[in-house]
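Structure first, then comments.
Every number here is computed from the coordinates shown, using simple stated rules; none is lab data. All of these numbers come straight from a predicted model, not from anything done at the bench. Ideal geometry is used to build each Cβ from the backbone, glycine not excepted, and the neighbour counts take in all protein chains shown.
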Amino acid sequence: HLARGQLAALSRTLDSLAQEFDPDKLPKHVVTTILTQMGAHSVTIWERNGDVLDLLGIVAEGRFRTSIEAGYFGGSVPIFENVPPLWGDALQAGMHVVIEDISIDPARVILADGRTAIWTTAELSTPFADLKKHFIAGGVRALLISPMMMAGQLAGIIGIRFTGTRIFGQEEIELTKA
């Protein structure tokens, strides 16, 4: 089942790329494929820039928008300093992060290795608190955050957002990592 899911995702991405001559649009095709394959509300792609993550773009409501076009978040998200519990650990180790229901306070966060943390809204730093407000306003409840690793180093993340609470199967997580 996992192999078929990965094959379908790869086939969709390759079909899109075959019709696209601009390599800078690869992120658009990847996140669009993830959105379709996972039945998600929206998908974001973030690029590492030193010790922060910058939003490259978002696929939502059937279209890709750059960070400038999306307009809802004007800053960067830190990777290591002034971050919620386990955030930096997960990104440094390349582990996925599941936020079960961001609309409740506190929200429970689960790392790939099974560790959990509680994120209380009052204790979130500004970029994380702003994102939480945006998610809640847009009806997003569950998030799956998958680090993109290159040569063992964090290159960015893909954030997959859902309007309902979700329990993610290992197959879905493996597909996202692939």
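In terms of its C-alpha gyration tensor, the stretch 60-178 comes out rounded, because the ratio a/c of the largest to the smallest axis stays below 1.5. Entry note, the stretch 83-150: relative contact order of 40 percent, from Cα contacts under 8 Å with a spacing of 6+ residues. Taking 0.36 nm per residue of separation and subtracting the Cα-Cα distance, full extension of the segment from L56 to A129 would add 24.3 nm.
Of the GluC sites (Glu not before Pro) found in the stretch 75-131, those that fall in a DSSP loop while having at most 16 other beta-carbon atoms within 10 Å are E81.
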